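The values are calculated or read from the model by the stated rules, or taken from the named source; none is laboratory data. Since we're looking at a predicted model, the values are computed, not measured. Note: ideal-geometry Cβ built from the backbone for every residue, glycine included; neighbour counts use all protein chains shown.
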Amino acid sequence: MNNRVVITGMGIYSCIGKNPDEVRNSLYVGRSGIILDPVRKEMGYRSGLTGFVERPVLKGLLDRRARIMLPEQGEYAYMATLQALEQAAIDEDFINKREIGIIYGNDSSAKPVIDATDIMREKKDNMLIGSAAVFQTLNSTITMNLSTIFKLRGINFTVSAACASGSHAIGLGYHFIKTGLQDCIITGGAQEINCYSMATFDALSAFSVHESDPQKASRPFDRSRDGLVPSGGGATVILESLESATQRGATILGEVIGYGFSSNGDHISNPTVTGPVRSLLMAMKDAGVKPGEVDYVNAHATSTPAGDASEARALFTVFGDTAVPVSSTKSMTGHECWMAGASEIVYSLLMMHNGFVAPNINFENPDEDSAKLNIAKTTIEKDINVFLSNSFGFGGTNSSLIVRKWSK
């Protein structure tokens with residue numbers, strides 16, 4: 001089978017807004033969500049920079065049992081999924097009648113593990129950990145919790161693929177629907193943002209130390225970039241077969257037309273050019289589009305010296321002199337890690353529906369690689385018919401997604 005796969009709902013809970021309207025406004029004006037966290041400095045972090053995401057109040061939305069089994073990133077994912085289901089007009093009755101699945105990206109659950117370990121070390125009694133802790137500690141915490149909360153009966157698993165997790169989750173959902181195995185899947189990604197979650201990343205000296213002006217610290221593609229800024233939240237995209245969406249009269253937000261993937265097969269953390277190029281070319285072949293037909297590229301670019309340079313080379317290898325507008329929304333959000341591949345689909349959809357390309361803020365001085373790209377320094381008014389979004393992760397995992405504006 002070769003079903004067309006459409007997007008009928010999206011939700012976002014991030015440092016630049018707690019819903020699509022807030023996020024759209026932030027993207028348009030280039031508003032940063034980065035702060036300096038004093039708690040991280042007190043703990044001994046080299047960098048105290050982070051995206052700030054307010055914890056949602058779930059009392060009144062979920063019963064106590066459901067609340068205590070959700071870790072922080074699960075709360076963000078729940079809020080984003082509520083928004084997405086509402087936009088898709090998927091209610092309890094529809095869920096009861098259909099086998100709706102969930103595939104979500106998540107690659108850590110640090111705080112629950114640390115909290116449980118601290119209790120064991122101090123009290124020497126594992127019965128004091130509590131029966132809900134196990135459901136917070138597992139990487140699959142989001143899919144196991146949300147599938148239970150929303151009573152889902154379709155495919156149910158978590159994608160653990162570092163910073164490409166959210167993108168691969170959407171790509172896999174696309175294939176499940178394209179091949180006729182499912183009609184509707186909740187996909188996305190979420191990232192915890194607590195003070196424990198990024199300590200090991202910071203130990204690699206991967207983070208920016210531009211602490212004097214937090215909102216200018218994330219500088220993708222800029223010559224003076226000195227590292228990424230960690231961030232998080234939750235992003236959900238509802239994928240559905242065109243037949244299913246049409247039958248129930250759903251509003252279609254876009255069509256997923258391409259998914260490419262690859263592994264660098266090299267160093268565990270150092271990026272390459274050839275791996276991303278293969279992912280990009282695979283996505284474009286799957287989508288049946290040529291470089292000149294892509295109207296916008298949402299780059300993975302995290303603001304690290306090596307990563308941005310290798311992606312810039314990969315993009316120039318594939319797109320050459322097409323002058324396709326490129327920007328990294330991580331300049332505003334920081335690097336949302338396991339969530340990023342999903343949130344950046346939402347960000348790009350918002351641009352597509354509102355006719356603009358969000359700026360790559362803090363891009364002031366290109367280097368020899370970024371100078372070859374058409375990087376949007378300011379907001380560009382533009383009709384986007386096709387966009388491409390890149391996501392890369394440790395271990396050399398690469399994912400590229402292509403989405404087209406809906407047309408019959």
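Some observations on this one:
- Flag for ARG31 being modelled with pLDDT of 95 or more, over 30 Å from ASN354 (Cβ atoms), assigned by TED's automatic domain parsing to the domain that holds ILE95 and not β-branched (Val, Ile, Thr): no
- All conditions but one from (1) more than 18 Å from the chain's Cα centre (by Cα); (2) buried (at least 16 other Cβ atoms within 10 Å of the Cβ); (3) in a loop (DSSP other than H, G, I, E, B); (4) not assigned by TED's automatic domain parsing to the domain that holds ALA287 apply to SER218; the one that does not is (1).
- In the stretch 184-215, the residue that is surrounded by the fewest Cβ atoms within 10 Å (Cβ to Cβ) out of those that are touching a helix residue (DSSP H, G or I) at 6+ places or on another chain (Cβ under 7 Å) and more than 22 Å from ALA161 (Cβ to Cβ) is CYS195.
- If the condition is being under 17 Å from SER391 (Cβ atoms) and either among the acidic types (Asp, Glu) or not assigned by TED's automatic domain parsing to the domain that holds GLY395 (or both), then the stretch 262-309 contributes ASP286, ASP308.
- Pairs meeting the criteria (first residue in the stretch 377-398 and touching a residue at least 40 places away in the same chain (Cβ under 8 Å) and among the small types (Gly, Ala, Ser), second residue surrounded by fewer than 23 Cβ atoms within 10 Å (Cβ to Cβ) and not in a loop (DSSP other than H, G, I, E, B), beta carbons under 6 Å, at least 6 apart or on different chains) are GLY396/SER263; GLY396/GLY275.
- Pairs linking a residue in the stretch 203-214 that is more than 23 Å from SER269 (Cα to Cα) to a residue that is among the β-branched types (Val, Ile, Thr) and in a loop (DSSP other than H, G, I, E, B), with Cβ atoms under 9 Å and 6 or more positions apart or on different chains, are PRO214/VAL229.
- Test: THR317 is in a loop (DSSP other than H, G, I, E, B) and surrounded by fewer than 19 Cβ atoms within 10 Å (Cβ to Cβ): no
- Residue in the stretch 331-345 that is closer than 18 Å to MET284 by Cβ and among the aromatic types (Phe, Trp, Tyr) present: no
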